[in-house]
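Please read the structure below before turning to the comments.
The values are calculated or read from the model by the stated rules, or taken from the named source; none is laboratory data. These numbers were taken from a predicted model, which means no experiment stands behind them. When we count neighbours, we look across all protein chains shown, and the Cβ atoms used for this are built from the backbone with ideal geometry, even at glycine.
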Amino acid sequence: MSLAPVTSAHSPRDNRKGKAVAQLSFLPGEVVVREVRPSPLATIPLYLFTLGLWEIWRRRTRFILSNQRVIISYGVLHRAVRFLPLDRVQDATLKNLLWVASIHLSSAGGSGGVEQLRRLRTRVARAFLEDLTPRIGSAAPGGLKGSSSSLSIADELQKLTQLRDQNILSPEQFETQKAKLLA
């Protein structure tokens, strides 16, 4: 995972996302899909141990999924923002213990190759994972899925068939894409 700074000043406008999203810079064409933060219920022992100071850290931690990358923002005195482009994500795994869950993202390259989104409510983690899964390995800006080795040829053919049946692809386009896929 790279710790590169964001060079663009484009910020998506979404009133539901709050100040944390407004404080981050986004790439041109980047759209926030989902934003989550650690659950208070998942961190009750930390509240007790830190006499409630944990809440300050919890409110400053954000896990943001956009159509181009996963953004992890954390820290109180020293803010850190980590970016994981979706084309570098190889696998996302949900680990669950009662009402607490974490998502482990395996990436191509980077230090350690695994990033964790921890202390989430199970339903929130599942929703994040459902939004993330179709975007894994997407290389094109805008979150469009490119040809990925993680999908089988049968899966790709099924998607092409659905696009043809929905009249998104013409029969000629379908045959062309099918021939490329089978070549």
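A few remarks follow.
- Top-ranked residue in segment 112-135 [being farther than 17 Å from Ile71 by Cβ and modelled with pLDDT under 90; ranked as surrounded by the fewest Cβ atoms within 10 Å (Cβ to Cβ)]: Gly112
- Top-ranked residue of segment 52-75 - restricted to ones that are among the aromatic types (Phe, Trp, Tyr) and surrounded by fewer than 20 Cβ atoms within 10 Å (Cβ to Cβ), ranked as farthest from Pro28 (Cα to Cα): Trp54
- All conditions but one from (1) surrounded by fewer than 18 Cβ atoms within 10 Å (Cβ to Cβ); (2) part of a loop (DSSP other than H, G, I, E, B) apply to Pro45; the one that does not is (2).
- Extreme residue, surrounded by the fewest Cβ atoms within 10 Å (Cβ to Cβ), among residues of segment 76-93 that are touching a helix residue (DSSP H, G or I) at 6+ places or on another chain (Cβ under 6 Å) and not in a strand (DSSP E or B): Val76
- For Asn96: the one exception among (1) farther than 25 Å from Phe26 by Cβ; (2) surrounded by 17 or more Cβ atoms within 10 Å (Cβ to Cβ); (3) not β-branched (Val, Ile, Thr): (2)
- Among the criteria (1) in the same structural domain as Ile71 (by TED's automatic domain parsing); (2) part of a helix (DSSP H, G or I); (3) at pLDDT below 85, the one Leu163 does not fulfil is (1).
- Test for Gln23: is it modelled with pLDDT of 90 or more and of a type in the set (S, T, N, Q): no
- Scanning segment 60-81 for residues that are basic (Lys, Arg) and modelled with pLDDT under 90 gives Arg60, Arg79.
- Some residue of segment 136-147 being at pLDDT 80 or above and surrounded by fewer than 16 Cβ atoms within 10 Å (Cβ to Cβ): no
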